[in-house]
1. What order do you get for 198-206, 560-568, 340-348 when each peptide is scored by the mean count of other beta carbon atoms within 10 Å, highest first?
2. Please say if region 536-614 is rounded, prolate or oblate, where rounded means a/c under 1.5 for a ≥ b ≥ c the square roots of the C-alpha gyration tensor eigenvalues, and otherwise the choice is prolate for a/b larger than b/c and oblate otherwise?
3. Please tell me which of these pairs span more than 25 angstrom C-alpha to C-alpha: K72/K201; K72/K149; K22/K139; K425/K507; K324/K388; K173/K343?
4. Hey, any idea what the orientation-averaged projected area of the convex hull of region 492-543's Cα atoms comes to, in nm²?
5. How many percent of the accessible area of the chain is carbon or sulfur, using a 1.4 Å probe?
6. Per-residue HN-Hα couplings for region 597-609, Karplus 6.51 cos²θ - 1.76 cosθ + 1.60 at θ = phi - 60°, whole Hz, x for Gly and Pro?
7. Quick one: Cα convex hull volume of region 339-385, Å³ per residue?
8. How large are Rg and Dmax for region 423-471 when calculated on the C-alpha trace, in angstrom?
Amino acid sequence: MANNSYTAESIQVLEGLEPVRKRPGMYIGSTDLRGLHECLREIVDNSVDEFFGGTARNITVFLTKDNGAIIKDDGRGIPVDIHKTQGVSALELAMTKLHAGGKFGGGAYKISGGLHGVGASVVNALSSYCMVIVLRDGKAYLQEYNQGKPKAKVHEISQDEIDKLIPKELNVKIGANNTGTITKFIPDTEIFKDLSFEDKKVETMLRDRAYLVAGLMFNLWDDRNEHEEHFYFEGGIKSLVDHSNRDKQRISDVIYINKDNSNEENGIICEVALQYTDTFTENVKGYVNGIYTTDGGTHVAGFRTGLTRSILDYAKKNGYTNDKLVLTGDDLKEGLSAVIYIKMPSESLQFESQTKAKLNNPEVQGFVATATKEGIDTYLEEHPSDAKAILDKVSLAAKARMAARAAKEAVIRKGALEGMGLPGKLADCQSNNPDECEIFIVEGDSAGGSAKTGRDRKFQAILPLFGKVLNTERARLDQIITSDKFKDLIVAVGAGISDQFNIEKLKYNRIIIMADADVDGSHITCLYLTFFYRHLREIVEQGHIYIAMPPLFKIEHGKQKKYVFSDEERDSYLRTLGSQKFKVQRYKGLGEMNAEELWDTTMNPATRVMKQVKIEDAQKADQIFTMLMGEEVPPRRKFIQTRAKTANLDI
């Protein structure tokens, strides 16, 4: 019988900002820390647009103790007059209506990161409290909101009222020549699980924008810890690339390319900066009108096309290639750092979503490809020593690729990796469902034996790998796949490696590194993290890597046992025992625990503590791995010396 309950009443109409609160992920990507910082970025980018509009010269971000953020600029200030057709203040319209803004071709902004006019209103909708103060025409105006709804109409306020609302450090003053917008928002606990802005993440965002927008001062004040930072650069993206490679061995100068087509219809300004280092990894970032496009897009695709054509043409003309050595686009990626920065009219922008993760404008790809090829062609001809160093680098990458292919024919291809049996040391689990399965990479045969005995065989697999493994920061693929430990690990994980990697074949959705809670154990953990980050990065990006947290101490008090994970936790618990008798055991390694203890403390999902490994800042992660695991000693020595006093060594 047909269900007739689907009627006109079933169609729900969401008014105002209700769609945002109903489906926040559509507008900010997620409601985790990434979405939280996306809200901050939306407001900051509105202030950056004021610089593009020719007015703002200073932007300040003030992180407050009440989990809020205040963003101040000295731009024109959002208009507060009544909109002719809507009948409300333009400020209220911008803050409470989706798709209302000055970035739709009305002349207010030629270049802007904004596209849909939803940024400020979305942040307002997802905030428990929001307020905007506008300085214009020698006056100050205020409107406050709760969950996107105005508390009152836009109204003029006095200096005394400003001083009560805004911290004195921001120095907001009414004056004839003072203009700008000051926005405060407190994220809503009904939307976000974590309301804590990460100071390092905010610093990185502001630093990147300072590199991109030469001449614009960015200030950060974190009132939670009274930390202050200022960012101002005139070198642009050339300085950004130079900064990102500061701990690496450079094999060429920074190549800078600029092509300006802004005077033509749908005009585009293209800037490219690139440099090769002696590392094996690639770091390429794309920006559009000050926005970091995390998933690239047509501007990044155009850059890759231009780079490949230019270097392959030069290689062919100068005898670097032959029948035995053929360069590919992948060979050009090794050690490449690049920034591609596009500026174009805001009304022409086509992004994949409101989060602006990927640029879709097809006309950009050809323009950037042409500009990149012309620029690199010229540079290589004018700098023959750099050209030779770059071609030597990519030729070496091609030779390594061919060596790796030969090794894979013996190690990875069917009949080797895919067809061979599972490693003999692997104690696999009974389930074949990756969503419920997990594998422990355990340091040492003794701990591996306890883990095999104590595990839940239904969903937990154990792979003991004794001793320290190869440092893969500078190891090529052919070295990795001929290493017994990594060969066993690759086979066990099941997703392959290099061009045969397929995350859909991943056998375990939780890959848990379990090493001793001492210095050696930390080093082993770092070595495995280096391998996963450099060679199976998608597994890390999708959140499949975890670090087990075995306890440091067992405290026995009568018949009770208490496991604690730090000196501080031990001391705190002992104070609760008073003068009663107790025994404290310090674990030197996993092998000291029997199967029952290992299960109770480290492997039981109901009681264990684990750290999930995530990549919050790819550029920072790349820099840290290069510094800690690379060949350059001075940066690592400086890192150790500056943190020596904070180290807690168990010697």
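1. Packing order, densest peptide first, comes out as 340-348, 198-206, 560-568.
2. Prolate shape, in that a/c is at least 1.5 and a/b is the bigger ratio.
3. Numbers: K72/K201 19 Å; K72/K149 22 Å; K22/K139 37 Å; K425/K507 17 Å; K324/K388 19 Å; K173/K343 33 Å.
Violating the 25 Å limit, Cα to Cα: K22/K139; K173/K343.
4. Average projection, Cα convex hull of region 492-543: 3.7 nm².
5. 48
6. Working through the residues one at a time gives 5, 5, 5, 4, 9, 10, 10, 6, x, 7, 10, 6, 10 Hz.
7. Details: hull volume 4.1 nm³, N = 47.
Value for region 339-385: 86 Å³ per residue.
8. 11.1, 33
The values are calculated or read from the model by the stated rules, or taken from the named source; none is laboratory data. Remember, it's a predicted structure, so these values are computed and weren't measured experimentally. Backbone-built Cβ (ideal geometry, glycine too); neighbour counts: all protein chains shown. Accessible surface is based on the protein model in full, side chains and every heavy atom, while ligands, DNA and RNA are left aside. Shrake-Rupley method; radii C 1.70, N 1.55, O 1.52, S 1.80 Å.
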